[in-house]
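J.: What follows is a single structure, and I will ask about it in a moment.
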2 protein chains.
Amino acid sequence: MTLEQMRKFDVDNRLSKRPVSVSMADETVKADSGMAAKRENGRKNDPQRTQEDILDVATEEFTTHGLAGGRVDAIAEKTRTSKRMIYYYFGSKEGLYLAVLERAYRKIRTLEEDLQLSNLPPEQALRVLISTTFEHDEANPEFVRLVSIENIHHAAHMLRSEAIRDLNVSVIETIAAILDRGVAAGVFARKADPIDIHMLISAFCFFRVSNRYTFGTIFRRDLSERATMERHKGMIADAVISYLKT
Amino acid sequence: MTLEQMRKFDVDNRLSKRPVSVSMADETVKADSGMAAKRENGRKNDPQRTQEDILDVATEEFTTHGLAGGRVDAIAEKTRTSKRMIYYYFGSKEGLYLAVLERAYRKIRTLEEDLQLSNLPPEQALRVLISTTFEHDEANPEFVRLVSIENIHHAAHMLRSEAIRDLNVSVIETIAAILDRGVAAGVFARKADPIDIHMLISAFCFFRVSNRYTFGTIFRRDLSERATMERHKGMIADAVISYLKT
DNA sequence: TAAAATGTACGAACTAGTGCGTATGTCAAG
DNA sequence: CTTGACATACGCACTAGTTCGTACATTTTA
């Protein structure tokens with residue numbers, strides 16, 4: 001089987017998951033402009049929705065095939081709009097990829113910020129943070145894959161986007177505060193570097209998702225099983241806590 | 001800057017690291033066949049060396065650009081031989097990629113097998129194993145990258161290679177033995193799953209290398225610094241040990 | 001001389017990107 | 001309220017360039 005044949009097989013598989021026909025009735029649901037939209041074969045300009053649609057499809061394409069492997073034509077085909085529109089809104093394949101990447105980062109930032117941990121006792125606060133990280137990576141495999149892809153490209157696109165670079169610093173501050181409180185209260189014996197701790201947590205949660213396929217293949221283990229997930233979640237939490245207490 | 005321009009820039013950069021002219025004197029060094037090779041513009045058939053050369057170049061190409069991003073023509077150009085030979089020996093781009101992958105796995109298997117840990121006390125044995133894993137990933141970033149790439153492709157190529165699937169099982173047996181001895185001797189309080197422990201160790205060591213660029217970019221930290229490496233090596237060992245002791 | 005190894009040049013298919021014309025919404029003037 | 005002007009949104013069909021793979025000729029080895 002050639003690479004191209006594999007790809008076609010893949011595409012067919014994906015298509016079979018979603019009905020191909022998009023009901024026109026969906027269009028009438030949206031209530032952007034108050035007036036009833038005239039329906040009969042008329043086009044309704046809706047730039048925001050068009051862009052979102054493109055980004056959705058592009059995210060799946062890039063996370064499944066990588067940046068170089070992702071095809072603009074394939075994206076265009078699965079979009080409600082045309083290839084011309086991709087270039088109209090995003091300028092280039094790379095521009096589209098960058099938009100996908102930025103949107104993925106923007107999405108997780110919002111989730112991570114509203115987490116009130118300062119009034120919890122340090123050990124419990126850390127456990128909540130670890131659970132959140134674990135479940136986030138588990139719930140957003142496409143984000144994990146985009147980061148993997150970025151690393152293959154030496155984070156070249158991330159470097160050019162200030163938006164992304166400035167993120168994630170809040171996590172470190174959160175961890176630093178918890179560690180300080182823990183040491184002050186005498187529950188943590190070790191004064192650890194917050195970035196190191198973040199890495200210890202992140203590495204495990206990330207790896208479970210990013211290396212799911214190779215790990216699963218070699219050790220014949222399904223990492224998405226409920227029981228396995230819960231055991232792993234407990235393990236990384238216990239490991240971090242016991243490390244800090246030693 | 002377009003994707004293609006970026007790539008060309010990249011290639012130029014890489015080329016500048018190695019002198020382009022390959023001295024013919026190098027050829028006389030090798031002592032494969034005992035007889036003195038006739039030198040004057042004469043060709044010496046050396047299929048093994050030709051294949052190794054192709055694999056070396058292909059490994060760099062694929063680890064730098066991914067499978068879809070890697071260019072057969074680019075590989076051919078940097079090889080002492082021609083594109084024709086790539087297809088002569090490996091049949092297709094995919095065949096070449098698979099050969100690269102299998103060679104990378106074969107290389108690490110040999111390193112992991114001769115590690116005598118059974119006569120060391122359990123805790124020390126585990127520390128040696130963790131050090132070895134850590135240093136292996138650190139020393140073989142191209143292996144780490146190939147595994148990352150395989151995961152993006154859902155481990156599709158690995159699945160088709162029995163050679164690879166059968167590997168890595170020995171590590172689990174080694175860990176299982178250490179854990180058993182530790183529990184028996186009373187130094188480990190917890191009866192942990194050896195595959196889970198392998199994952200805990202592997203995740204951290206792997207992540208440090210695979211996510212070097214994004215992590216380094218976001219937290220402005222150079223993970224290849226000597227001091228950082230040593231601290232991290234100690235951290236993962238302490239974390240695993242303290243986890244088992246709790 | 002036969003078989004293995006190698007080089008050159010080429011082609012078919014694919015792929016990112018675009019030229020150009022059309023549709024839609026808005027806003028101001030009549 | 002209607003009309004027309006203009007910017008934004010959109011689609012078809014095409015191009016220029018790339019990329020994997022191969023046909024064919026040639027050289028080396030045995």
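J.: Any residue at all in segment A:157-167 that is at pLDDT below 95 and either under 29 Å from B:H198 (Cβ atoms) or β-branched (V, I, T) (or both)?
T.: Scanning segment A:157-167, I find at least one residue that is at pLDDT below 95 and either under 29 Å from B:H198 (Cβ atoms) or β-branched (V, I, T) (or both), so the answer is yes.
J.: Within the bounds of segment A:70-79, is there any residue that is assigned by the TED database to the domain that holds A:L55, outside any helix (DSSP H, G or I) and away from DNA strand C (no atom under 12 Å from the Cβ)?
T.: Among the residues of segment A:70-79, at least one is assigned by the TED database to the domain that holds A:L55, outside any helix (DSSP H, G or I) and away from DNA strand C (no atom under 12 Å from the Cβ), which makes the answer yes.
J.: Is there a residue in segment B:82-95 that is touching a Phe, Trp or Tyr at 6+ places or on another chain (Cβ under 7 Å), surrounded by 15 or more Cβ atoms within 10 Å (Cβ to Cβ) and either away from every other protein chain (no Cβ under 14 Å) or closer than 19 Å to B:T50 by Cβ (or both)?
T.: no
J.: Could you give every pair whose Cβ atoms fall below 6 Å, whose first residue belongs to segment A:94-114 and is within 11 Å of A:A163 (Cβ to Cβ) and of a type in the set (K, R), and whose second residue is at pLDDT 75 or above and within 16 Å of DNA strand C (Cβ to nearest atom), counting only separations of at least 6 or pairs across chains?
T.: Note: pairs meeting the criteria are A:R103/A:L55.
J.: If A:N119 satisfies all but one of (1) closer than 30 Å to A:T174 by Cα; (2) buried (at least 17 other Cβ atoms within 10 Å of the Cβ), what's the number of the condition it fails?
T.: Of everything listed in (1) closer than 30 Å to A:T174 by Cα; (2) buried (at least 17 other Cβ atoms within 10 Å of the Cβ), A:N119 misses just condition (2).
J.: Hey, B:D238 hits all of (1) among the charged types (D, E, K, R); (2) facing chain A (nearest Cβ under 10 Å); (3) in a helix (DSSP H, G or I); (4) within 29 Å of A:T217 (Cβ to Cβ) but one; which does it fall short on?
T.: (4)
J.: With the requirement that a residue be over 19 Å from A:Y105 (Cα atoms) and basic (K, R), what does segment B:193-227 give you?
T.: Listed by number, the residues that qualify are B:R208, B:R221, B:R226.
The values are calculated or read from the model by the stated rules, or taken from the named source; none is laboratory data. Because the structure is a prediction, the values reported are computed rather than measured. Because the Cβ atoms are built from the backbone with ideal geometry, glycine has one as well, and the counts that use them run over all protein chains shown.
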